[in-house]
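Working notes for the structure below.
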Amino acid sequence: AQSVTQLGSHVSVSEGALVLLRCNYSSSVPPYLFWYVQYPNQGLQLLLKYTTGATLVKGINGFEAEFKKSETSFHLTKPSAHMSDAAEYFCAVRFSGGSNYKLTFGKGTLLTVNP
Amino acid sequence: NAGVTQTPKFRILKIGQSMTLQCTQDMNHNYMYWYRQDPGMGLKLIYYSVGAGITDKGEVPNGYNVSRSTTEDFPLRLELAAPSQTSVYFCASSEGQGAAYGYTFGSGTRLTVV
């Protein structure tokens, strides 16, 4: 079955440290990939997406993600964490074929940033 | 540009009551979705619609109903509310089919069933 896995439900980093949030998917056909961010008591906001072309994708707020087909991964990174990055992050996948306009979400990773 | 608007933002229901969660979008998107979000579980698709008059079930449709009489509106109906329906509900819309479109989300409705 097609699925999305986010490794680590909670990641804690110090301000200024590297942020790495992991996402893997299960599919033999490269899908479209998304990262969303959710701040407390708000809806989800699109951070970045991969469709085709360049595998390193840059998004808002200094985040970027790299699509690695061989590893079926789409990990989210930011070189230097800021206090304002504290939020929950969701990886989402639009699998190819069938009802391919629906997104499947991972369970989310809560990022805390320590001063 | 309002995007996706959900009302109400908060609601407390008693077991067995019913209610409608409203969702409207002003982007002329054909595709609309209802998700519920539970702690540590991510988002689960309840129902979706590919256009006015067309709806279909998602992963967790039991206890819910939807309608889509216009492009703009996609209300979610809860009949006979149960504690298991305590959750945060998000409506979303997207443009296009089979293309690399993300979703635009509403700000959510936090529902508690007591």
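The values are calculated or read from the model by the stated rules, or taken from the named source; none is laboratory data. Just so you know, these numbers come straight off a predicted model, no measurement behind them. Glycine also receives a Cβ, built like all others from the backbone with ideal geometry; neighbour counts cover every protein chain displayed. Accessible surface areas use protein heavy atoms only, side chains included; no ligands, DNA or RNA. Shrake-Rupley method; radii C 1.70, N 1.55, O 1.52, S 1.80 Å.
Quick notes on this one:
- Any hit, segment A:92-105, residues being within 14 Å of chain B (Cβ to nearest Cβ) and modelled with pLDDT of 95 or more: no
- Of all the residues in segment B:30-74, those that are open to solvent by 30 Å² or more (accessible area, probe 1.4 Å), in contact (Cβ under 8 Å) with a residue 40 or more places away in the chain and farther than 30 Å from A:L7 by Cα number 5.
- All conditions but one from (1) open to solvent by less than 30 Å² (accessible area, probe 1.4 Å); (2) closer than 26 Å to A:G16 by Cβ; (3) without any contact (Cβ under 8 Å) to a residue 24 or more places away in the chain apply to A:F90; the one that does not is (3).
- Single condition B:V113 does not satisfy, out of (1) touching a helix residue (DSSP H, G or I) at 6+ places or on another chain (Cβ under 9 Å); (2) within 11 Å of another protein chain (Cβ to nearest Cβ); (3) β-branched (V, I, T): (2)
- The residues of segment A:35-59 that are touching a Leu at 6+ places or on another chain (Cβ under 6 Å) and either crowded, with 19+ Cβ neighbours inside 10 Å or without any contact (Cβ under 8 Å) to a residue 24 or more places away in the chain (or both), listed by number, are A:W35, A:Y36, A:V37, A:Q38, A:Y50, A:V57.
- Spans of strands (runs of 3 or more DSSP E) in segment B:1-105 with at least 3 residues within 14 Å of the chain's Cα centre (by Cα), within 13 Å of chain A (Cβ to nearest Cβ) and of a type in the set (S, T, Y): B:31-38, B:42-51, B:87-94
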